[in-house]
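This report refers to the structure that appears directly beneath it.
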Amino acid sequence: MQQEEEIFNISVAINTGLEPLTFTITTYYPAANPKHERNYRVTRDNEALGILHQDADSRWHLVEGNLEQEEIQSIGQAIDAHYT
């Protein structure tokens, strides 16, 4: 079953007191994933920052890349807000 990718932008206040940063999120379904779970590729200014995954308990995890846990949670919350 082939799933369509989705691309959207989110704004996240990463550093208190500074302007929010805009990230581009691209959803995709890894071919090797038998559960067809969605992953989220995070980019900023055409630079890949990481790949996030939300588990069954709605916790966000870094699959690949170099993001701090606080950034992962903030970006994950913005992704959740996109879908509500």
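Each reported figure results from applying straightforward, stated rules to the coordinates on display, with no laboratory input. Keep in mind that this is a model prediction, so the values were computed, not measured. As a convention, Cβ positions derive from the backbone with ideal geometry for all residues, glycine included, and neighbour counts pool all protein chains shown.
Which of (i) 19, 40, 22, 15, 4; (ii) 15, 43, 32, 9, 0; (iii) 17, 54, 25, 4, 0 is the computed P(r) over Cα pairs in 10 Å bins from 0, in percent for the structure on display?
This structure yields the entry labelled (iii).
Return the calculated 222 nm mean residue ellipticity for the chain, to the nearest 500 deg cm²/dmol, obtained by summing -39500 (n - 2.57) across DSSP H runs with n ≥ 4 and dividing by the residue count. Provide the component values of the computation, followed by the final result.
Values: 1 runs with 14 residues, N = 84.
Roughly -5500 deg cm²/dmol at 222 nm, from the helical runs in the chain.
In the neighborhood of Thr27, defined by Cβ-to-Cβ distances under 11 Å, what is the net charge if each Lys or Arg adds +1 and each Asp or Glu adds -1?
Numbers: positive: Arg38, Arg41; negative: Glu4, Glu5, Glu6, Glu37.
It works out to a net charge of -2.
To test your reading of the geometry: what angle, between 0 and 90 degrees and rounded to tens, separates the Cα axis of helix 69-82 from the longest principal axis of the chain?
Between the helix axis and the principal axis of the chain, the angle is about 70 degrees.
Among Leu18, Leu52, Leu67, whose mean-square fluctuation peaks in a Gaussian network model of the chain (Cα, cutoff 10 Å)?
Judging by the Gaussian network model, the answer is Leu18.
Per-residue HN-Hα couplings for the stretch 15-28, Karplus 6.51 cos²θ - 1.76 cosθ + 1.60 at θ = phi - 60°, whole Hz, x for Gly and Pro?
Here the 3J(HN,Hα) series is 10, 4, x, 9, 4, x, 9, 9, 10, 9, 10, 10, 8, 7 Hz.
Report the extension gain between Thr26 and Thr84 in nm, rounded to one decimal, defined as 0.36 nm multiplied by the number of residues separating them, less their alpha carbon distance. Before the final figure, lay out the partial values.
Numbers: separation 58, 0.36 × 58 = 20.88 nm, distance 1.72 nm.
Difference between extended and current length: 19.2 nm.
Residues with amide H under 5 Å of Glu64's amide H, sequence separation 5 or more or different chain, H placed in the peptide plane at 1.01 Å from N; which?
The list, which skips near neighbours in sequence, is Ile51.
Taking amide H positions as placed in the peptide plane 1.01 Å from N, state which residues far from Ile14 in sequence (5 or more) or on other chains have amide H under 5 Å from it.
When sequence neighbours closer than 5 places are left aside, the close amide H contacts are Leu21.
About the Cα centre, and with charges only on the beta carbon of Lys, Arg (+1) and Asp, Glu (-1), how big is the dipole of the stretch 7-83? Nearest 20 debye, please.
On the way: 5 positive and 11 negative charges, 59 e Å.
The dipole of the stretch 7-83 has a size of about 280 debye.
Springs between alpha-carbon atoms under 10 Å, Gaussian network over the chain: tell me which of Ala13, Ala56, Ala48 tops the mean-square fluctuations.
Ala56
Out of the GluC sites (Glu not before Pro) in the stretch 20-84, which ones are loop residues according to DSSP with at most 13 other C-beta atoms within 10 Å? Before the final figure, lay out the partial values.
Details: sites: Glu37, Glu47, Glu64, Glu68, Glu70, Glu71; in loops: Glu37, Glu68.
Sparse-neighbourhood loop GluC sites (Glu not before Pro): Glu37, Glu68.
Compare Ser58, Ser74, Ser11 in a GNM of the chain, Cα atoms joined below 10 Å, and give the one with the largest fluctuation.
Ser58
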